[in-house]
Structure formats: C-alpha cells, structure tokens
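Asker: After the structure tokens below, expect a handful of questions from me.
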Amino acid sequence: MMNQNKSGVKALLKIAFNYRYALLLIALVLVFVPFFPFPEKEASNTVFFLGRFHPLIVHFPIVLVFLALIFELLARIKWLKLTKTVQATLLGSGLFGSLVSLVMGLLLYATGEYSGDLVTRHLWGGVLLAITFCLACFFFLEHVFSNRKVHFISYLSLLVVANVALFYTSHQGGSLTHGADYLTEYMPVLGSPDEEEYEPKPMEEMLVYEDMIIPFLDKKCMSCHNTNKSKGGLVMTSYEAMLKGGKSGKATLKPGDHHESELIQRVVLPSDHDDHMPPEGKAPLSPEEISILEWWVREGADTDLKLEAAKEDPSIQSFIVEYLQDLEKQQRAKFMQEQALESMIVQVSNDKKFQLGMDKYGDGKIALSMAFPPSSFEDNDLTSLQPLFGQISKASLVASGISDDALYHIGQMDALKELYLQQTAIDGSGLVYLASLPNLQLLNLSKTNVNDGNLLHILRMEKLEELYLNDTEVSLEVIEAIKKNKPNLKVALERGNFF
C-alpha cells in the first residue's frame, strides 16, 4: 500500500512537472491582484459568507509553508531524512491552501468591512507569499527532474523569502485582529518599571510640518478628512494626500502660493461663511496656527524645513514662540491623559469579546470595536465598560448581540462621535437615548430592523452629519421627510465604512 502511495505521488509529480509553467503564469497574474478594481456596489451575501472563512482557512497554509522550510533545513544538516515524496506533498498542500486562503481574503476585502493601510499591507503580504511560494514550487519541480544545484538554491531561497512574507503577513493580520501592538504589548522591558515621563523633542530637531503643523491639523481637521472618513473626498493624513486635493479639483496645498492653496483660503474665510473650515461647531484654527500655516506654504511647504529656520524669520518669530508654549502644554496633557487611559484600558479589557485602543483621530479618546473573529457580545458586556464611557469617541458594535436596551448605556458616552450598529437586532426603539449625545456625528444602522416610527428619533440628534440605512425597512417617504427637516444631514443607502 505504501509503495502504491509513493508511486501515486510520483505520478502526480510527473504531471505537475509537465504543467510547471502554469505556476509561473499564476505568479504573474498574482502580481496584478492588488490593483484589481473592486465593485463599488454592495457585496453579495455569498461574498460575505465565503470571505469570513479566511481567518479559519489561513492557519492551514501557515503551518505547511513553515514546515516545508524547517524540514528542508533539517534535511540539509542530516537531522532528518526527507524524501521528495513527503516534501512534494507538503509543498503541494501548502500551495493549494495559500491560493484558497488568498481568494477568501480577497472576498473579505471586497466586502468593505476592513479598510486602511493595515489591510493594504496585509493584502500585499499575502500576494507576495503566494507568488514566492508558486516560484519555490516551480524550482522544486525543476530540481526533482534535473537535479541541478542552481534549481535547488533557487527553490530554497524562495522558500526562505516565502516564510519571511508569511511572518510579515501574519503579523499584519494579527494586528488587524488584536491591534498593532499585539506582539509587543507584553514584551519584557529592561530598567525601571516606573511610569514613563514626558520628554519634549529637542528644539534643534523639530520640523515645522511634523512638529508644529500636523498637531493642530490632527486636532482640528483630520477627524473629518482621514482614510476612513473623507469629507469632500479630501484626506489630510498625509502630505501627498493634501497635494492631491479633494473632489473640488482645487489644490488643497500648493507649495509657494498660499493664495492658491484651498486649505489656507478655507480657514481664513469668515466664520459664518458656508465654506469656512472647520465647520460651525468645531474649534477653528487660532491666529497663530493660521500665520504659521501661511508662512510655511509661502516658504515652499517643505516637510524637512526645520523650526530653527522659521525662528530666524522676524515675520513669524513671535507667532512661533507663543504657539510653542501652548503646544508643549497640550502635548504634555495629552501624553498624561493617554497614559491614564491606557492604564484604564488594561484594567477593563479582561476578555476577548471586544477591543479597545486609542482613537487615532479622537483627540486622546478611545475606540471600541468587536473582536475578530467575532464572539458573543451582549448588553451586559457593554456595562462592563462603564468606567470608560466618558472616554469613548468611536464605537463599533457590528454583528454583536446587543438589543435596544444597550442604547441606554451608549447614551452615556458623551464623547461619542461615531457609532456603528450594522447587523444588530435593534429595531430603533432605543434611539431615543442617543438624542442627548452632544457630539454624535455618524450613525450606521445598516442591516438592522429599524422602522419608520423609531427612526424619527434621529431628528433630535443636533450634531448628526451622516446616517447610513442600507438594507433596512425604512421607507423612502420617511427618508425624504428626514432630509427635508435636516437638510445638512447626509442620508446614505450604501453600506458605509466598518472599522
């Protein structure tokens, strides 16, 4: 029986060798996968269903790709007798699992449930892993039937690269699931365990853009203009994105010409002007901040421009001195606040049903989201977070088991700006509790049982700017009535972002 199995594998190896160039074709196609345009329309239920198998299937090829390298290395140092039949079985199974896992990952990506740089890096890592593993299998087949040393070296080298890509991709996937610091959170540290002290950056190392301009843009602009929420199609979280501009087609930032820089023109408009930025209800840029921004743009908007050069210019020197004093106070206060919040997060996070982290655009506040892969999260799990209610600015309870009763507790989150309730069983009767939230700007009720009567509670939400109602039973008549009563509210029938 064993001899029959071996002969069967050898026969498959011969067939694989005859079609080995298909591996090169697959690798070539995979190069273009990250550039494939995904449909903007709502993904089908089949795509959602298959895509969510990705986290389960992905562990299968991870083990095989790693074992293929370990077995090969052990065989080189004579610690293991490795037959070509065994290695071919490992490689073939690993390749099949890698390609299936990649397809499932692409389907999950197509659902729109995950977005941002971390997802993009995870996608690229998965593609690189599949490409290098395809090539490794190609050279393995060449080595088996030619026994040339160059083919073996190429095979082993690509196998090493595939495992490096495997580690990188796994780390990015783990960061998506558990947070970016998942591997390093409990890393042992040398030295005193005392709380970290705030140390300002030395003046001679400070840059105008990075250390002066980004802090106030981050605080006053980026909450509405980031990769997850880009009003007017404008993203301000990177220098390149600001140069690109938004849907208006005007240059947000035009180095050397502050008159043609839309960013400057918007912040200097009268506060009651419709195009003034930030909009009414948000803290405007101070005169010092505007002066520094104008000066920097006039000087060429160089990201490497040092603060020392700015301080030598009499026209801006006084603004810089005054701003630096306020900036250090703000940064010191933010540092202390974040330390306190991180300490509270550690105390409250005693299970794996949810994730807590600092809200990148929440001015020192907390982002709450569900664990991935999903686990049961009920109303009573929400109450365990009560000590943090006042610090949560962003909450995603997507696909959780909460009821409308939970909205009573959410109504106590005074700092809450974004609330995602997609795929929950709420009918909207608890929306009345959200009417008192002073900062709620985005509410996503897609794929819920909210009805016409209960939805009308949102008319009392004064700060609400975006409402998502994809796949609900709300009638078009009620939607039109809401638009008429709240003309500045964007009511969307598409899915909207997850986080």
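What follows draws every value from the coordinates through simple rules; no lab data is involved. Predicted model, so just to flag it, every value in this text is computed and none were measured. Every residue, glycine among them, receives a Cβ derived from its backbone with ideal geometry; neighbour counts consider all protein chains shown.
Asker: Mind putting a number on the dipole of segment 8-178 about its Cα centre? Charges go on the C-beta only, +1 for Lys and Arg and -1 for Asp and Glu, and I need it in Debye to the nearest 20.
Answerer: 900 debye
Asker: Pairs of lysine in segment 8-178 with Cα under 25 Å and at least 8 positions apart or on different chains: total?
Answerer: Lysine pair count for segment 8-178: 10.
Asker: Go ahead and run the numbers for FRET between Val478 and His273, Cβ-Cβ distance against an R0 of 45 Å, rounding to 0.05.
Answerer: Here the calculated transfer efficiency is 0.85.
Asker: Which order do Tyr323, Tyr209 fall in if you start with the one that has the fewest other Cβ atoms within 10 Å? Intermediate values should be presented prior to the final figure.
Answerer: Numbers: Tyr323 20, Tyr209 17.
Listed from fewest to most nearby Cβ atoms, that is Tyr209, Tyr323.
Asker: For Lys490, enumerate residues with amide H under 5 Å from its amide H, sequence gap 5+ or separate chain, H modeled in the peptide plane.
Answerer: Sorted by chain and number, the residues that satisfy this are Glu466, Leu467.
Asker: By its C-alpha gyration tensor, with a ≥ b ≥ c as the square roots of the eigenvalues, how is segment 203-334 shaped: rounded for a/c under 1.5, else prolate for a/b larger than b/c, else oblate?
Answerer: In terms of gyration-tensor shape, prolate.
Asker: Still on this structure, please answer the following. With respect to the cross-link table entries Lys360/Lys417; Lys254/Lys360; Lys360/Lys486; Lys219/Lys365, which display a Cα-Cα separation exceeding 18 Å?
Answerer: Lys254/Lys360; Lys360/Lys486
Asker: Listed highest first by mean packing, meaning other Cβ atoms within 10 Å per residue, what order do 25-31, 425-431 come in?
Answerer: 425-431, 25-31
Asker: In whole Hz, with x marking every Gly and Pro, tabulate ³J(HN,Hα) for segment 16-21 from phi via Karplus 6.51 cos²θ - 1.76 cosθ + 1.60, θ = phi - 60°.
Answerer: Listing the rounded values in order: 4, 5, 5, 10, 4, 5 Hz.
Asker: Given Ala415, Asn485, Ser400, which one lies farthest toward the positive end of the charge dipole of segment 349-492, if we put +1 on the Cβ of every Lys and Arg and -1 on the Cβ of every Asp and Glu?
Answerer: Most positive-ward Cα: Ala415.
Asker: Here's a follow-up. Take Val33 and Ile15, extend 7 Å from each Cα along the Cα→Cβ direction, and tell me the distance between the two endpoints in nm.
Answerer: 2.4 nm
Asker: Would you mind checking Lys231/Lys484; Lys220/Lys247; Lys201/Lys282; Lys282/Lys306 for any pair whose Cα atoms are more than 23 angstrom apart?
Answerer: Lys201/Lys282; Lys282/Lys306
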